[in-house]
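Asker: This is the structure, below, for whatever I ask next.
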Amino acid sequence: MNKFALIGHPLGHSMSPLIHEKLFALSGLDNTSYELIDIAPEDIAGSRGLLESLRGLNVTIPHKQAVISLVDELADSAQRYNSVNCISNDGGRLTGYNTDCDGFLRSAELLPIGGNVAILGCGGVGRMIAIEVARHGGNITLAVIPQDIKNAQLLMAEILAKCSDASVRIADIATLDGSYDLLINATPVGMYPKVDACAVSDTVIENSLSVFDVIYNPTETLLMKKARALGKAAVGGASMLVYQAVKAHEIWYGGQFSAEDISKIIIDVENAVDSMNK
């Protein structure tokens with residue numbers, strides 16, 4: 001049997017088994033299992049043997065940096081972010097990847113990431129998105145709360161070090177103004193159960209042509225509802241979640257999937273999230 005898993009700590013309810021089992025089924029891989037393995041931070045250093053027992057695995061918080069010392073090689077994506085969320089096992093040789101960036105790029109491929117882009121937040125996912133937007137020529141506004149200004153400055157320096165010709169500025173999220181081709185929420189504001197919260201004012205939404213929200217629970221955040229009510233394109237986090245998993249299957253065994261199949265899985269994930277919240 002080919003064994004795959006998600007490792008992290010703590011591991012509560014996860015959409016990963018649903019997504020990966022559907023992708024394995026589409027690939028016709030019957031003799032395959034996907035499980036959740038909770039590994040405490042103090043035990044991760046001694047987990048190389050466990051990793052070698054798996055054909056492939058996903059990695060989530062808090063192990064995305066800790067597993068770097070356990071793998072034999074880092075792909076460019078993992079080197080870029082010093083973060084691993086996917087590991088392939090090729091005959092005992094472990095290679096670490098970061099497929100979060102693939103998940104973002106594929107789910108946002110119809111959005112103008114090369115235009116004027118406002119990114120709300122500068123945490124882990126905000127950092128990744130900001131660097132990818134810079135790599136694709138976007139003009140970036142990092143909109144953050146005052147206590148995150150220093151972190152935003154560090155991120156701006158990192159972006160400029162990786163993309164010397166990038167355009168980056170920092171703004172207070174409470175007073176954010178201007179017009180944007182794309183507004184990206186990379187904060188937890190609006191996440192279940194606090195679904196009545198929105199990270200920015202209605203004016204900012206009105207002045208943005210399109211919206212991307214990394215949150216997948218709820219499937220339609222208040223930010224997305226407001227954008228869609230104005231006739232704007234709005235993409236939620238379920239698509240990013242599914243596409244990063246798709247990339248993992250491409251890495252693990254060369255999986256290939258149609259756009260139609262992926263769209264169905266995104267809908268399945270959204271339906272599962274909605275059912276979970278009832």
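The values are calculated or read from the model by the stated rules, or taken from the named source; none is laboratory data. The model shown is predicted, which means the values in this text are computed figures rather than measured ones. With ideal geometry, Cβ positions are generated from the backbone for all residues, glycine too; neighbour counts draw on all protein chains shown. For accessibility, only protein heavy atoms count, side chains too; no ligands or nucleic acids. Shrake-Rupley method; radii C 1.70, N 1.55, O 1.52, S 1.80 Å.
Asker: Quick check: anything in the range 133-148 open to solvent by 10 Å² or more (accessible area, probe 1.4 Å), more than 19 Å from the chain's Cα centre (by Cα) and of a type in the set (A, V, I, L, M)?
Answerer: yes
Asker: Here is a follow-up. Tell me, which helices (runs of 4 or more DSSP H) wholly within the range 1-91 include 1 or more residues that are among the aliphatic types (A, V, I, L, M), in contact (Cβ under 8 Å) with a residue 24 or more places away in the chain and within 22 Å of Ala238 (Cβ to Cβ)?
Answerer: Where helices (runs of 4 or more DSSP H) fall fully within the range 1-91 and carry at least 1 residues being among the aliphatic types (A, V, I, L, M), in contact (Cβ under 8 Å) with a residue 24 or more places away in the chain and within 22 Å of Ala238 (Cβ to Cβ), they are 16-26.
Asker: What about Ile87, is it among the aliphatic types (A, V, I, L, M) and either over 19 Å from Gln244 (Cα atoms) or open to solvent by 20 Å² or more (accessible area, probe 1.4 Å) (or both)?
Answerer: Spelling it out, it is not the case that Ile87 is among the aliphatic types (A, V, I, L, M) and either over 19 Å from Gln244 (Cα atoms) or open to solvent by 20 Å² or more (accessible area, probe 1.4 Å) (or both).
Asker: Just one of Leu29, Leu36, Leu70, Leu74 is in contact with a Gly (Cβ under 9 Å, 6 or more places away or on another chain), surrounded by 13 or more Cβ atoms within 10 Å (Cβ to Cβ) and at pLDDT below 95; which is it?
Answerer: Leu29
Asker: Return the only residue of Leu154, Leu110 being surrounded by fewer than 15 Cβ atoms within 10 Å (Cβ to Cβ), among the hydrophobic types (A, V, I, L, M, F, W, C) and under 25 Å from Cys198 (Cβ atoms).
Answerer: Leu110
Asker: Which condition number does Ala118 fail, the rest of (1) of a type in the set (Gly, Ala, Ser); (2) surrounded by fewer than 23 Cβ atoms within 10 Å (Cβ to Cβ); (3) touching a helix residue (DSSP H, G or I) at 6+ places or on another chain (Cβ under 8 Å); (4) within 29 Å of Ala199 (Cα to Cα) being met?
Answerer: Failing condition for Ala118: (2).
Condition check ((1) within 17 Å of Leu105 (Cβ to Cβ); (2) of a type in the set (Ser, Thr, Tyr)) across all residues:
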position: Thr221; (1), (2): no, yes
position: Ser239; (1), (2): yes, yes
position: Ile251; (1), (2): yes, no
position: Gly255; (1), (2): no, no
